[in-house]
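A.B. asks: Handing you a structure now.
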Amino acid sequence: MTASTATAEPAPAAEPVDLYEDRPIPKAGWRVIAAKELGDHVISVRFMVLLILLGLAAATPLYFAADQIKTLAPQATGQQAVFLALFTLGDTNYTFLIVSSFVAIVAPLLGLAFSFDAINGERAEGTLPRLVAQPIYRDDVINGKFVAGLAVILIVLVAVVGLISGFGILRLGIVPSTDEILRLIAWILVTAVYVGLWLAFGLLLSVVVRRAATSALIGFGAWFVLVIFGGFIADLIANTISPLTGSTIEEALPQAQLQKLITSFLPGNLYSDVTNVLLNPRLNPSVQLPGSIGQAIQGAQQIPNTVLSIDQSLLLVWPEIVALIALTVLCFVAAYIAFMRQEVRA
Amino acid sequence: MSAVEAVPAATQRPAPVEEEVEPVIWTSGLTKQYGDLTAVDSLDLAVYPGEIFGLLGANGAGKTTTILMLLGLSEPTDGEALVMGLDPAFEPREVKRRVGYLPDAVGFYGNMSGRQNLRYTARLNGLRRQAAETAIDEVLEQVGLTDRADDEVQTYSRGMRQRLGIADALVKGPDLLILDEPTTAIDPLGVVEILDLLRALVHERGLAILLSSHLLTQVQSVCDRIGIFASGRLVGQGTLEELADRFGDGTAVVEVGLDLTDPAEIERAKGILLRIKGVRKVVAPTDGGDAWRVIVQPPDAEAGVRQQVLATAVAENLGLTALRPIVPSLDDIYRTALKRSAVVRSKS
């Protein structure tokens, strides 16, 4: 009977082969988690999807934008911002084949794809209790997964932008100006925030919704409503609340303002607004339909054929950028709080 | 009814220990409430270095909740806990660095190998690369998974996963292991292996183990001390003998094998056995077997009775074939403890 051998005394210490001596509590658990997640992402199916989607984005200028720029280039000598046309020109019949609008549509999906099962996936596999029982802060889990998702998408995005730029420089012989490079960088940064917003939203879903399939579906629905139908919904609400009474500026203004207000909560519109202003310093309404108030203002205020400098463009869309950042932070904080308050057990 | 009355769990003290030995787990009035439901009700617990402590209770009795509070993964509503002398609510990372935890229904990343899964845990615990590899090899050897270490975990059987789970809890070099239902859903042979492993670990590494289970026999076979849990309360804790004293019916049983077939002989044997001092009752086998049950009262007279039975049976030529004490089964103790705690509660 083992019970009779009960010892309440300290057992003799184990052999001093101490692998654990002087081991501090790891400082950055999120880095270990991010590294592991990144490794997982790179060999995952969704990474293939990411490569294919953004690869498509890279391919479009080869077929559409390049031709147009070629025909445009001779008469455009001395014109500024030709380089950016690589990202904003395309087949006018298929606007989604333009690099910038394509990214605007695809970025949310990518963000969701890399986070919709972040927490509930661990829960389903039964690895979450084991993970949080390690000496890390609980938010390390969220942070690490967010960083890994953002990193993997941005790496591919930057690679694609570099590819398109290289193609433009080598094959078409157009060299970007400093201003254009800055605009591209600003665009990538804003895109990073936008992807981050959807990543954070996906994380929130993965914390709150217990089943990965459900959270994917909800995320997809949100993308459909906010990105595909965003502008339509803003129009609809504005029209219902404050119908047009006449055609003068004074009469149209209330509705426009309301529409602007609603739009400022719609991430898709915010992002395309910023993109259009950042990548179209010349903003000729004939190049693209003014899809937003910000663009319309820029278009209305411009003296024909002048080009805004980047700081002017940034100034113009600063509120939108701040709104995007605020939405991202909001989503992330919501995911964070929900996760911190959640019980670990299934 | 025994003279020992059910004492409310709160006034109980663990087995006598020298004062200097600091418990690895100590709780006082630890309570966890979910809304109206009290999952853990003012728990007083002490687990000492070098012992295996078994938390015994039905599913939903509050075992897992208790464990989560000890790891700082769930905040107590009231009371306090010290694990390795640290409060898990305030220093969860330091506690989790020193405590290996095997969760109930442990899971692994199926597309990674066992070794990779352990490596991840080692990295999260801040082990340097070389130290991590050495530690991983060592724990894999200990749980007997060295051969399969580089296969993907999704190809593992349930028992292998469980053993990998123990390796995972060990890889950080813990001073305390907390195992939640370590033997659930494992075949009997696997259970024996795991229990042997646990005993060896305590012996080799000198660590303490807190394990929870709803399987009485396992707890009985491996634990030094046992705490019986019922709807959030610890209704008794101590060694099996102590629990038997408190919750037994005040008798002990000796099984005596007598190779007798003649009814007259059987009657004679009965009379002889009944004459031995301390024997309360003798039950002859009714199934044609040879296992007699000799009921002894008080229970501590049991050893003396056994000697007497041996001497008498040889002297009287009763054909003695076996003689062994029947250990009070935890099953009975558990049932009595639950019954009494229910009575105590309905009175209060």
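A.B. asks: Answer with one residue from B:Val283, B:Thr261, B:Ala303: the one whose Cα lies farthest towards the positive end of the charge dipole of the range B:252-327, charges on Cβ with Lys, Arg +1 and Asp, Glu -1.
C.D. replies: B:Ala303
A.B. asks: Between A:Ala59 and B:Asp300, with labels modelled 7 Å along Cα→Cβ, what's the label distance in nm to one decimal, could you check?
C.D. replies: Taking the simple label geometry, A:Ala59 and B:Asp300 are separated by 8.8 nm.
A.B. asks: Other chains near B:99-108: what is the mean number of their Cβ atoms within 10 Å of each residue's Cβ? Spell out each step's value before the answer.
C.D. replies: On the way: counts 2, 1, 5, 3, 11, 4, 4, 4, 11, 4.
Mean shielding count: 5.
A.B. asks: Also, quick follow-up: Could you state the number of Å between the C-alpha centres of the range A:100-176 and the range A:222-258?
C.D. replies: With the range A:222-258 and the range A:100-176 each reduced to a Cα centre, they are spaced 33 Å.
A.B. asks: Is there a quick way to get the dipole size of the range B:252-327? I mean about its Cα centre, with the Cβ of Lys and Arg at +1 and of Asp and Glu at -1; what is the value in debye to the nearest 20? Display every interim value, and only then the final one.
C.D. replies: On the way: 9 positive and 10 negative charges, 73 e Å.
In debye, rounded to 20, the range B:252-327 gives about 360.
A.B. asks: Right, next: What does the charge add up to near B:Asp259, with Lys and Arg as +1, Asp and Glu as -1, over the other residues with Cβ less than 12 Å from its Cβ? Spell out each step's value before the answer.
C.D. replies: On the way: positive: none; negative: B:Asp262, B:Glu265, B:Asp290.
Once positives and negatives cancel, what remains is -3.
A.B. asks: Could you work out, residue by residue across A:36-49, how many beta carbons of other chains sit within 10 Å of that residue's beta carbon, and then give the average as an integer? Intermediate values should be presented prior to the final figure.
C.D. replies: Values: counts 7, 0, 0, 3, 3, 0, 0, 1, 1, 0, 0, 0, 0, 0.
Mean shielding by partner chains, rounded to a whole number: 1.
A.B. asks: Can you give me the Cα centroid spacing of the range B:70-144 and the range B:272-308 in angstrom?
C.D. replies: Between the Cα centres of the range B:70-144 and the range B:272-308 lies a distance of 50 Å.
A.B. asks: By what distance, in whole Å, do the Cα atoms of chain B stretch along each of the three principal axes, largest value first?
C.D. replies: 76, 52, 37
A.B. asks: In what sequence, highest mean first, do A:309-322, B:111-124 appear when ranked by Cβ atoms within 10 angstrom? Don't jump to the answer; show the numbers that get you there.
C.D. replies: Numbers: A:309-322: 16.6, B:111-124: 21.9.
Ranking the peptides A:309-322, B:111-124 by packing returns B:111-124, A:309-322.
A.B. asks: What does the charge dipole of chain B about its Cα centre add up to, to the nearest 20 debye, if the Cβ of each Lys and Arg holds +1 and the Cβ of each Asp and Glu holds -1?
C.D. replies: Values: 36 positive and 49 negative charges, 104 e Å.
Here chain B has a charge dipole of around 500 debye.
A.B. asks: While we're on this one: Above 19 angstrom, tally the Cα pairs of the range B:218-348 and express them as a % of all pairs, no decimals.
C.D. replies: 55
A.B. asks: How would you rank B:88-97, B:149-158, highest first, on the average number of other Cβ atoms within 10 Å across their residues?
C.D. replies: Details: B:88-97: 20.1, B:149-158: 14.7.
Top to bottom by mean Cβ count within 10 Å: B:88-97, B:149-158.
A.B. asks: Please list, in order along the range B:272-288, the HN-Hα scalar couplings obtained from phi with the Karplus expression 6.51 cos²θ - 1.76 cosθ + 1.60 (θ = phi - 60°), rounded to whole Hz, x for Gly and Pro.
C.D. replies: 4, 5, 5, 6, 5, 5, x, 7, 9, 7, 10, 10, 7, x, 9, 9, x
A.B. asks: Then there is this: I'd like the Karplus ³J(HN,Hα) series for the range B:293-298: coefficients 6.51, -1.76, 1.60, θ = phi - 60°, whole numbers in Hz, and an x wherever there's a Gly or Pro.
C.D. replies: 10, 10, 8, 10, 9, x
A.B. asks: In nm, to one decimal, how far is the modelled label at A:Asn239 from the one at A:Ser309, with both set 7 Å along Cα→Cβ?
C.D. replies: Placing both labels 7 Å along Cα→Cβ, they lie 4.2 nm apart.
A.B. asks: Label B:Asp331 and B:Glu265 with points 7 Å out from Cα along Cα→Cβ: what is the distance between them in nm?
C.D. replies: In this crude spin-label approximation the distance works out to 3.1 nm.
A.B. asks: May I ask you to compute the full-extension gain from A:Ile155 to A:Arg171, defined as 0.36 nm times their residue separation minus their alpha-carbon distance, rounded to one decimal in nm? Write out the running numbers ahead of the final one.
C.D. replies: Working: separation 16, 0.36 × 16 = 5.76 nm, distance 2.36 nm.
Taking 0.36 nm per residue and subtracting the Cα distance, the gain is 3.4 nm.
No lab work stands behind these numbers, since they all come straight from the coordinates. In this text, all values refer to a predicted model and were calculated from it rather than measured experimentally. All Cβ positions, even for glycine, are placed from backbone atoms using ideal geometry, and neighbour counts span all protein chains on display.
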